[in-house]
Amino acid sequence: MNHSVQSKPPLILCITGPTATGKTELCVRLSKNFPLEVISMDSALVYRHMNIGTAKPTTDELASCQHHLIDIIDPVDHYSAARFKTDAERLVFEIVDRGNIPVILGGTMMYYNALVNGLDQLPSRDDKIREQLDSEASLSGWPTLHEKLSRIDPDTASRLNPNDAQRIQRALEVFYITGETMSSLLEKNKQKAQTFQTLDIALIPDDRTLLHKRIEDRFAKMLAAGLVDELDRLRRTWELNENMPSMRCVGYRQAWSYLEGRIDKRMLHGQGVAATRQLAKRQLTWLRSLQIKHQFDPFDEKMEQIVSSLISKHLT
């Protein structure tokens, strides 16, 4: 099919929102009425063998609705926002050619930004610069590097937690390589035409306490399901270190500290819940800045019905 001459862009759904808002469950239920295929927009689900701590969809969920970009790399590997953009755009048209509706689903807002605004002008990683930044962080801490980023690129820094090592490192790396801030480079890319149009849906809780309760319950279930044992197996199988992107994922980072004897079980639970709340807060900050038109409370009993009606309206 020659996509460039299509008279009408295909319908592309994008369902995003903070962690623990039931995005996967919603999509699986919607797939009973619509021919959906999911393109996962989650930086943790790309890793093979990391199932418990990433809240990976269950076997039944994967069987009822086909998912893509899950279990595609090993824990020692890297997956970038630029690669996500390339993979997602390819999958969109493959799914459309099958007569199905692509659903970009997840909460990794850097991936969403890459897909919508483009990241073509961002440079590739520079291991030498990253080593220098890691060394600096080991001496002064990531909050100090976050302060440095605040002076260089306040727009990007305002969206990042002072301990978000991966993204602080990337923003500084981009500046050191190009001499331009990440926010300015991304702004330039906003003028680029999108390959397709999306129907964007954001799940944003009206009551944050409900989200916090869900986060606490889910992390407790992860621990009960064997998160620590899962990480222990990973460490025995792969040559991992705690600065790798896979091990910076919420839950695994805290479980690593537990296995190293730096925290006890009670602290593991508390720190895991706190880190997940911080992640949700950052995701909500991103979502507010994007001003997505269709926003729904994931805990509203009528939410699924409303979303279903919205999809039906755009299919006609």
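The values are calculated or read from the model by the stated rules, or taken from the named source; none is laboratory data. None of the values given here were measured: they were computed from a predicted structure. Cβ atoms come from the backbone with ideal geometry, glycine included; neighbour counts cover every protein chain shown.
When the stretch 220-253 is examined, which residues are found to be more than 20 Å from I73 (Cα to Cα) and buried (at least 17 other Cβ atoms within 10 Å of the Cβ)?
Selection gives M222, L223, V228.
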For the stretch 254-281, what are the residues that are of a type in the set (D, E, K, R) and surrounded by fewer than 19 Cβ atoms within 10 Å (Cβ to Cβ)? E260, R262, D264, K265, R266, K281
On the given criteria, is L11 modelled with pLDDT of 95 or more and touching a strand residue (DSSP E or B) at 6+ places or on another chain (Cβ under 8 Å)? no
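Quick grid of which residues meet (1) on the phi > 0 side of the Ramachandran plot; (2) surrounded by fewer than 17 Cβ atoms within 10 Å (Cβ to Cβ); (3) part of a helix (DSSP H, G or I):
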position: Y79; (1), (2), (3): no, no, no
position: L91; (1), (2), (3): no, no, yes
position: M110; (1), (2), (3): no, no, yes
position: A114; (1), (2), (3): no, no, yes
position: P123; (1), (2), (3): no, yes, no
When residues of the stretch 93-108 are limited to those that are assigned to a strand (DSSP E or B) and among the hydrophobic types (A, V, I, L, M, F, W, C), the one nearest to T16 (Cα to Cα): L105
Sole exception among (1) more than 18 Å from the chain's Cα centre (by Cα); (2) aliphatic (A, V, I, L, M); (3) modelled with pLDDT under 95; (4) closer than 24 Å to Q295 by Cβ for L160, by number: (1)
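Say whether the condition of being outside any helix (DSSP H, G or I) and not hydrophobic (A, V, I, L, M, F, W, C) is met by at least one residue in the stretch 262-284.
yes
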